[in-house]
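Any read-out appearing in this document is the output of simple, stated calculations on the displayed coordinates, not a laboratory observation. Since the model is a prediction, treat every value here as computed from it, not as a measurement. Cβ sites come from the backbone with ideal geometry, for glycine too, and all protein chains shown count toward neighbours.
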Amino acid sequence: MKAKFLKSFGIFFLAMSMAFGSAGASVAYAEEGEESADEGSDDGSDGSSDDGADDEEEYIPDEYYEPIQTNDVSGWPQGEAIQASSGVVMDLDTGALIYSKNAQRKLYPASITKIMTALLVLENTAPDDVITCTDAVYDLDEDASNIALQEGEQLTVRDATYALMLQSANDAANALAVHVAGSVSAFADMMNQRAAQLGCTVTHFVNPNGLSNDEHYTCARDMALIASAAYSNEEFRKIILTKEYEIKPTNMTEESRYFANHHKMIQPDSDYYTDWCMGGKTGFTEAAWNTLVTYAEKDGMRLVCVLMHGNGADQNYLETIDLLNYGFRNFTHTEAGKDNQDKTLGQAMDVRYLGAGADLQAEGLSQTLAEITGSSMVTVPSGASADSVSKASFKGQDGTNALAGEFGTVSGQNADIQPTEGAFYYTFGGWPVGCRSITVSPVSFDLDVPWQIEATVTLKADEGETGDKEEAAEKSNEEVWKNVGNYVMEIDQKRQNFWEKNRTEIILITGAIIIALLLVLLILLVRSTRNYRLRKKMRQAQEQAKRREKEIEEATTEEIEQELRQAMNGSGREEPAGAENSHDGEDSADGREENIGKTSDQEDGGRS
């Protein structure tokens, strides 16, 4: 009885466990399907096959076995295979693709299209601008993600952009497009023009949301370029890193709208959360499968990963984490050398001026030959030196893409770098690891300084990086210096002719000037001598007075009395006339003698 009870209880417990397990699986599947539907799917599915029985093998697409182009670069760290049909990891600071698989394969982007939409919105509007929705907000597929905008409803550009990037709202995308360009088609034209400016070569957009259309496509490399441009916008970086957002009630709604960022790598409660993820954009349609763009920053490196036609959202997250960690672990930055972007035409011609002679330089010689933009910083495998980096022009002698010719058939794939007018690349093992752009406008000037011949020199940019400007500089150098010599000889000849013609006048004028200078010197000498004598007498008088004062200070009372008597006696002999005056003087003297005597007696009494 007891055994039957235990057996029945065990069967009941097992049945309950299986029931709860099935329910949990159903909930998980429903959540994944809901996320995919939010990205603008055609039918709401998540783009992956049904699991079916537990023993069914995991589906691995044929693209998993396709080669990775960067793995064929000599000395390059080997990247792992991915199930996504195409994927790249780009260094945002150098533009280098450190991981590249089918980077230019034409594929459907789905909702990662909205990165370009957000870029154009932020470049052409202000966040507080008010949008009035048109009937374009209803022009959506049946299951397309939306926030239920209505015709006539008003909201700010800021609110609509957050809805675009976090909720992947397709109606918000259409509303923004009409606000910026007047119509969805006009906005699509703007998207294509901006893509061409960024160097995209495969991209063609027909809508701002990424809903399925045979004429709406791009590639992983182009999406990385678009993502890089968007990430340079501070407001864009703030939006994609926002976890949750609220749109307050509008003129046609009474309640707020709340939504969370779909990118799981920034959500702390997600299994895919990483502290170095800076946001991104998810995407899904039946035609595109799962697409994912992810930004990351760690240890001074800023990377973006793009996966297209991925085998499920979860697989995309796992592969993105692996690829970004691969980039952080295996690559670093180094300086490939500084190009002299401030080199002037005068420097190229080796024309140098000494001292004040620089004032003779023609203004045209100070023009720079080219404007070089971009950084000489490159991305190389960790431990590699700058010596391992080479420089390559964007096209060779025959006018074709030098990089495509060298690297275009690697693993049977097209080259990842297309010719860009005015650009040259730093390469590692033939693979581009950095890029700079040269802008050379025709440089024309007139040599109008007196010693220079009148001429016009035009330097063209048609021949790539160097072109004929160096050749023109070399040809001009010899002629310029010949003109300098002729100018100096001409001045010297004029000097000699002037001397021969005006020799007498020059001698007389020079003599007169010398005599005048001598007279001036003589006058100055006489005045200086007289002043010297006066100063000497004054010094002697001052010295005599000082000696007298010193003698008086050092004299005793008896010596003073004796001097006074001598002075008085001498005064009496010299003045026999004037008895009264003499007697008065004697009386005064006697008085002084009496006083002196008294003083002397007092001093003697004091001493005794």
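Using all Cα-Cα distances in the range 227-280, what percent lands in each 10 angstrom bin from 0 up to the longest?
Pairs per bin, as whole percents: 23, 38, 29, 10.
Whole-Hz Karplus ³J(HN,Hα) for the range 292-308, in order, using 6.51 cos²θ - 1.76 cosθ + 1.60 and θ = phi - 60°, x for Gly and Pro?
7, 10, 9, 9, 8, 9, 6, 6, x, 10, 10, 10, 10, 10, 10, 10, 10
Assuming R0 = 41 Å, what is the FRET efficiency of GLN540 and ILE513, from their Cβ-Cβ distance, to the nearest 0.05?
Numbers: r = 42 Å, r/R0 = 1.02.
Efficiency, from the Cβ-Cβ distance: 0.45.
Taking every eigenvalue of the Cα gyration tensor of the range 57-133, multiplying by 5 and rooting it, what semi-axes result, largest first, whole Å? Spell out each step's value before the answer.
Numbers: eigenvalues 240, 69, 15 Å².
They are 35, 19, 9 Å, listed from largest to smallest.
Kirkwood Rh and Cα-based Rg: tell me the resulting Rg over Rh for the range 95-188, rounded to two decimals. Before the final figure, lay out each step's value.
Numbers: Rg = 14.6 Å, Rh = 14.1 Å.
Checking Rg against Rh, the ratio lands at 1.04.
Suppose the chain between ARG302 and SER385 were pulled fully straight at 0.36 nm per residue; how much longer would it get relative to their current alpha carbon spacing? Let's see the in-between values first.
Values: separation 83, 0.36 × 83 = 29.88 nm, distance 2.04 nm.
Here the answer is 27.8 nm.
Report the extension gain between THR556 and TYR532 in nm, rounded to one decimal, defined as 0.36 nm multiplied by the number of residues separating them, less their alpha carbon distance.
On the way: separation 24, 0.36 × 24 = 8.64 nm, distance 3.88 nm.
Separation in residues times 0.36 nm, less the Cα-Cα distance, equals 4.8 nm.
Measure up LYS114/LYS248; LYS114/LYS391; LYS106/LYS298; LYS106/LYS238; LYS101/LYS264 against 26 Å on the Cα-Cα distance and list the ones that go over.
LYS114/LYS391; LYS106/LYS298; LYS106/LYS238
Looking at the range 131-235, which GluC sites (Glu not before Pro) are in a loop (DSSP not H, G, I, E or B) and have at most 14 other Cβ atoms within 10 Å?
Values: sites: GLU142, GLU151, GLU153, GLU215, GLU234, GLU235; in loops: GLU142, GLU151, GLU153, GLU215.
Loop-located and lightly packed - GLU142, GLU151, GLU215.
Calculate the tail of P(r) for the range 195-316: the fraction of all Cα-Cα distances greater than 23 Å, expressed in %. Mind dumping the intermediate values first?
Numbers: 2886 of 7381 pairs.
Within the range 195-316, distances greater than 23 Å cover 39 percent of Cα pairs.
How large is Rg over Rh for the range 142-239, taking Rg from the Cα atoms and Rh as the Kirkwood inverse mean of 1/r across Cα pairs?
Details: Rg = 13.6 Å, Rh = 14.3 Å.
Computed over Cα atoms, the ratio is 0.96.
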